[in-house]
Amino acid sequence: MSYIDPDQLHGELDNLVTFVGDNAATLTTKGLNTETIQARLNAVSDDLTGKKTARDTRKTELAKA
């Protein structure tokens, strides 16, 4: 299994959310519900933020130990 840097993934996820928002009209005409997609992407982003926070807390604790 390969390692994906959570910070880089979070940045790309933000880019995807921006892309969906910027192209909502086009995506809607193609049959996608952009509100649902953005809500799900934001949920993934929030989950990733929580995991990054937990990781950073552990890294700080490890550095102090």
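Computed about the Cα centre, the dipole magnitude for the chain is approximately 240 debye when only Lys and Arg (+1) and Asp and Glu (-1) carry charge, each at its Cβ.
Here the peptides 49-62, 14-27 are ranked by packing, the mean other Cβ count within 10 Å, and the order with the highest first is 14-27, 49-62.
Note on LYS51: lysines with a C-alpha under 16 Å away, same-chain residues under 8 apart excluded, are LYS59. Treating each Cα of the chain as one equal point scatterer and applying the Debye formula with no solvent, the log10 of I(q)/I(0) at q = 0.14, 0.17, 0.18, 0.24 Å⁻¹ comes out as -0.53, -0.69, -0.73, -0.99.
Candidate cross-link partners of LYS52 among the aspartates and glutamates, defined by an alpha-carbon separation under 18 Å and a same-chain spacing of 8 or more, comprise ASP5, ASP7, GLU12, ASP14, GLU61.
On the chain, 57 percent of the accessible area sits on carbon and sulfur atoms, based on a 1.4 Å probe. Normalised by the number of residues in the chain, the average gap of Cα pairs under 8 Å and 6 or more apart makes the relative contact order 36 percent. Surface exposure of the chain, expressed per residue as accessible area with a 1.4 Å probe, stands at 80 Å².
The values are calculated or read from the model by the stated rules, or taken from the named source; none is laboratory data. These figures come from a predicted structure and were not determined experimentally. Every residue, glycine among them, receives a Cβ derived from its backbone with ideal geometry; neighbour counts consider all protein chains shown. The accessibility values were calculated without ligands, DNA or RNA, using every heavy atom of the protein model including side chains. Shrake-Rupley method; radii C 1.70, N 1.55, O 1.52, S 1.80 Å.
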